[in-house]
Amino acid sequence: MDNKKSIALAVSTFLLGVLSLGCGGGGNKDQGQHDSGADTGQDQDSAADADGDADADADADTDTDADADSDIDSDSDADSGADSGADADADTDAGDGSFDGGDADGDADADSDTDVDADADADGGTDWKLIEVSPSTTFTMGSPVGELGRVTNETQHSVTLTIDFEIMTHEVTQAEFEGLMGYNPSAFGPSDAGAYCGTDCPVERVSWHETLEYANRLSQQKGLAQCFDCTGTQPDYSCSLKAAYAKPQDCPGYRLPTESEWEYAIRAGSQTAFYPSPGNDGGITDVENDPNMDQIGWYYYNAGDAERPVMGKEANAWGLYDMSGNVWEWAWDWYGTYPGSVTDPSGAGTGTDRALRGGGFYGLAEHCRSAFRNIFGPGSRNGAIGFRLARSVP
């Protein structure tokens, strides 16, 4: 392993420790064990309860600078077993959104009957995609046994979605975040020591709680109900779902996507490791440097150790960009073991860590698979974690 990758793996090991990560040997990639984290370097928010009320006591701004490319991709080489306990969602990419993604054999999930439409701009030019699933759409979440790079917490199970939702076509940018929040926390922003990526690059180094404060402000701006009760001052917010809502999908305002919504969106009808696009069948042939991953996202082998402007690679069949790679994305869910067949899930009832999806610029190809899951403490920040929002559509 070259020195740069050794550094990346060491940083990832320090930050996540999801599986018993080790720089050599040590973890069994298929064990799927979740080390909840004494020495993960995460601010483990304590006393987290079912409605998402995680006390952001733990130095909510435990900024992990992206110098060693503070990416939390659990970057691992073949012998490290470092698949960071991840759970996966499969992507479906298509350059201009015109590609009809499907399963590896070209067939979409049998019970899936989804219409996807471009929605009106919701935030200064940010495009949204409306994903219509009602009255119900069922898909297979997780990865099949035998998929290259798979870990055991990616157990395939049946998920039924009944609530239409819209999701951002790309990750929230630095310009969008600063325009609404009045500050730019990004490690690759203009005020940090790292190389400035630009206003069209994803905002990062935001906590899970900060994303909910941003969602509330966007809801207020658009005349929608706010979904969260947030306390604290910039940037150290602590947010929880309002008592009026049993689950985030019940709120009509902006919010983070659930893991199931996120995976359904990235797959866009596919069941392959990555989402397909023209010339890319969605399969994975190399856990580190994969040619299909090259087409759809920024990761260790093409990103140059930094995030990149959004929408720079091929979109999936539904016109969604950067679902694989660039920066990891916060999801709503507490990290937990997948249940059996379920309808409109929103994650574990309680937990210590929130789920991250999608992989990032310092991750390997296997970490950018649609089904891969990562985790991080909700009050913590990292220069490789960003987000995109979703919203239930009545």
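Compute the length gained on full extension between Ser158 and Asp229: take 0.36 nm times their separation in residues and subtract their Cα-Cα distance, giving the result in nm to one decimal.
In short, 22.4 nm is gained.
Cα convex hull of the range 282-350: how many Å³ per residue? Let's see the in-between values first.
Details: hull volume 10.4 nm³, N = 69.
Each residue corresponds to 150 Å³ of Cα convex hull volume.
I'd like the distance separating the alpha-carbon centroids of the range 242-261 and the range 141-214, in whole Å. With the range 242-261 and the range 141-214 each reduced to a Cα centre, they are spaced 16 Å.
If the chain between Asp286 and Asn302 were fully stretched, how many nm would it gain, using 0.36 nm times the residue separation less the Cα-Cα distance? Spell out each step's value before the answer.
Numbers: separation 16, 0.36 × 16 = 5.76 nm, distance 1.45 nm.
Result: 4.3 nm gained on full extension.
Take the Cβ atoms of Gln221 and Asp250, set R0 to 25 Å, and the FRET efficiency comes out at 0.75.
Pick out, in residue order, every one of the chymotrypsin sites (Phe, Trp or Tyr not before Pro) in the range 124-212 that is DSSP loop and has at most 16 other C-beta atoms within 10 Å; say none if there are none.
Values: sites: Trp128, Phe139, Phe165, Phe177, Tyr183, Phe188, Tyr196, Trp208; in loops: Tyr183, Phe188, Tyr196.
Here the chymotrypsin sites (Phe, Trp or Tyr not before Pro) that fit, given the DSSP loop and packing criteria, are Tyr183, Tyr196.
How many Å² of accessible area per residue for the range 179-325, probe 1.4 Å?
Details: 4650 Å² over 147 residues.
Value returned for the range 179-325: 32 Å² of accessible area per residue.
When the Cα gyration tensor is reduced to axis lengths a ≥ b ≥ c, the ratio a/c is 1.5 or higher for the range 126-252, and with a/b not above b/c it is classed as oblate. This model, with +1 at the C-beta of Lys and Arg and -1 at the C-beta of Asp and Glu, gives the range 297-394 a dipole about its Cα centre of some 100 debye. Taken over the range 239-382, the convex hull of the Cα atoms encloses 127 Å³ per residue.
Oblate is the label for the range 353-394, because the ratio a/c of its alpha-carbon gyration tensor axes (a ≥ b ≥ c) is 1.5 or higher and a/b is not greater than b/c.
The values are calculated or read from the model by the stated rules, or taken from the named source; none is laboratory data. For clarity, every value in this text was computed on a predicted model and none was experimentally measured. Don't worry about glycine lacking a Cβ; one is built from the backbone with ideal geometry, like all the others, and counts go over all protein chains shown. Quick note on the areas: whole protein, heavy atoms, side chains included, nothing else; ligands and nucleic acids left out. Shrake-Rupley method; radii C 1.70, N 1.55, O 1.52, S 1.80 Å.
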